[in-house]
Amino acid sequence: MLRVLTTVAGQLGRGLQQGPSTTLNLVRYTASNSAISDEMRKKIDQIIKNDDVVVFMKGTKQEPLCGFSKNVKLVLDFHQVPFKDYNVLADPELRESIKAYSEWPTIPQVYVKGEFVGGCDIMVQMHQDGEMSDFLDSKGIPNKFGEKKK
């Protein structure tokens, strides 16, 4: 078990820079929500309501195409949380619209029960701080270490 934890921790650390840049930046993206068409807004609303956990990522959960998307996948896989993935590289309109929708400038983006949680840094930080299982429990999402263990 320790070997698995060490491997996951090592993989999660790859691609993250040390120092002040790892501080969570909670400043909201300044793109206007009006940049989203009504049709795209409805599509995103439906997407995030259809599944308990949704990740807008570069690539797919089978083949993440950036380190940040891979790290989010590793965190969710480690906690044994199934999620629906949307590859924003396959849909440029979705890629730009999701950034405006959430007012968050980066991909990946994670939604739980229709609520925007954050991106890679926030997910990794919650995992490293031991907050992920409690958060998932609070949303009623079964997970490996939660009250409703898988």
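Read-outs throughout are calculated quantities, based only on the coordinates presented, and are distinct from any laboratory measurement. Every value quoted in this text rests on a predicted model; they were computed, and no experiment measured them. Don't worry about glycine lacking a Cβ; one is built from the backbone with ideal geometry, like all the others, and counts go over all protein chains shown.
The table for this structure:
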quantity: Residue-by-residue Karplus 3J(HN,Hα) for segment 101-112, coefficients 6.51, -1.76, 1.60, Hz, glycine and proline x; calculated: 4, 8, 6, 10, x, 10, 10, x, 10, 10, 10, 10
quantity: Bridge type composition, segment 38-150 - antiparallel percent by DSSP, nearest 5; calculated: 65
quantity: Against the rule of thumb 2.2 N^0.38 Å, how large the Cα Rg of segment 38-150 comes out; calculated: 1.01
quantity: Amide proton proximity set for W104, modelled H, under 5 Å, gap of 5+; calculated: Y29
quantity: Fewest-first ranking of C66, C120, using other Cβ atoms within 10 Å as the exposure measure; calculated: C66, C120
quantity: Residue-by-residue Karplus 3J(HN,Hα) for segment 117-128, coefficients 6.51, -1.76, 1.60, Hz, glycine and proline x; calculated: 9, x, x, 4, 4, 5, 5, 5, 4, 4, 5, 5
quantity: Note, ³J(HN,Hα) from phi for segment 47-64, Karplus 6.51, -1.76, 1.60, rounded to Hz, x at Gly and Pro; calculated: 4, 6, 8, 6, 10, 5, 10, 10, 10, 8, 9, 8, x, 10, 5, 6, 8, x
quantity: Label-point separation in nm, E103 to A90, each point 7 Å along Cα→Cβ; calculated: 3.1
quantity: Segment 38-150: relative contact order as a whole-number percent, Cα under 8 Å and 6+ apart; calculated: 29
quantity: Under-5 Å amide H pairs with K144, H placed in peptide plane, nonlocal only; calculated: Q80, K150
